[in-house]
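K.L.:
The structure follows.
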Amino acid sequence: MNNNALKVNPRDNVVIAIRQIVCGEDIVVDGVKLLNAAEDISASHKIALSDIKAGRVVIRYGEPIVQARDDIQKGQWVHVHNTQPIERN
């Protein structure tokens, strides 16, 4: 199985597309199918590995980078349309 995504850190809840991915395509990391793409995703964009509830953080490179503005479903594109800066209290 050819890889089409990259997971950098075991803590990450997203993977990075390494090429254009079409809706329904298997997401493959290190030769293992992890899930199916829920929509078309451009190269270098993030894909949710699991459901991420609104307000929860998105973790990439083992670090929180943004938080979900809306509920994000497993396999969906994670980008500015459904995330926001992390709210600090």
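K.L.:
Using the structure shown, decide if Ser50 is of a type outside the set (D, E, K, R) and either in contact with a helix residue (DSSP H, G or I) (Cβ under 9 Å, 6 or more places away or on another chain) or closer than 12 Å to Ala17 by Cα (or both).
P.N.:
Answer is no for this residue.
K.L.:
Another one. Collect the residues in the stretch 61-81 that are of a type in the set (D, E, K, R), surrounded by 13 or more Cβ atoms within 10 Å (Cβ to Cβ) and over 9 Å from the mean Cα position of the chain (by Cα), keeping them in residue-number order.
P.N.:
Taking the stretch 61-81 and keeping what is of a type in the set (D, E, K, R), we get 63, 69-71, 74.
If we keep only those that are surrounded by 13 or more Cβ atoms within 10 Å (Cβ to Cβ) too, we end up with 69-71, 74.
Arg69, Asp70, Asp71, listed by residue number.
K.L.:
Can you tell me which residues in the stretch 1-36 are exposed (fewer than 15 other Cβ atoms within 10 Å of the Cβ), among the charged types (D, E, K, R) and touching a Lys or Arg at 6+ places or on another chain (Cβ under 8 Å)?
P.N.:
Selection gives Asp30 alone.
K.L.:
When the stretch 38-75 is examined, which residues are found to be under 15 Å from Asn4 (Cα atoms) and without any contact (Cβ under 8 Å) to a residue 40 or more places away in the chain? Don't jump to the end; show me each part of the working.
P.N.:
Narrowing the stretch 38-75 to residues under 15 Å from Asn4 (Cα atoms): 38-49, 75.
If the condition is that a residue be under 15 Å from Asn4 (Cα atoms) and without any contact (Cβ under 8 Å) to a residue 40 or more places away in the chain, then Ala38, Glu39, Asp40, Ile41, Ser42, Ala43, Ser44, His45, Lys46, Ala48 are the ones that fit.
No value in this document is a laboratory result; all are computed from the given coordinates. Remember, it's a predicted structure, so these values are computed and weren't measured experimentally. Glycine also receives a Cβ, built like all others from the backbone with ideal geometry; neighbour counts cover every protein chain displayed.
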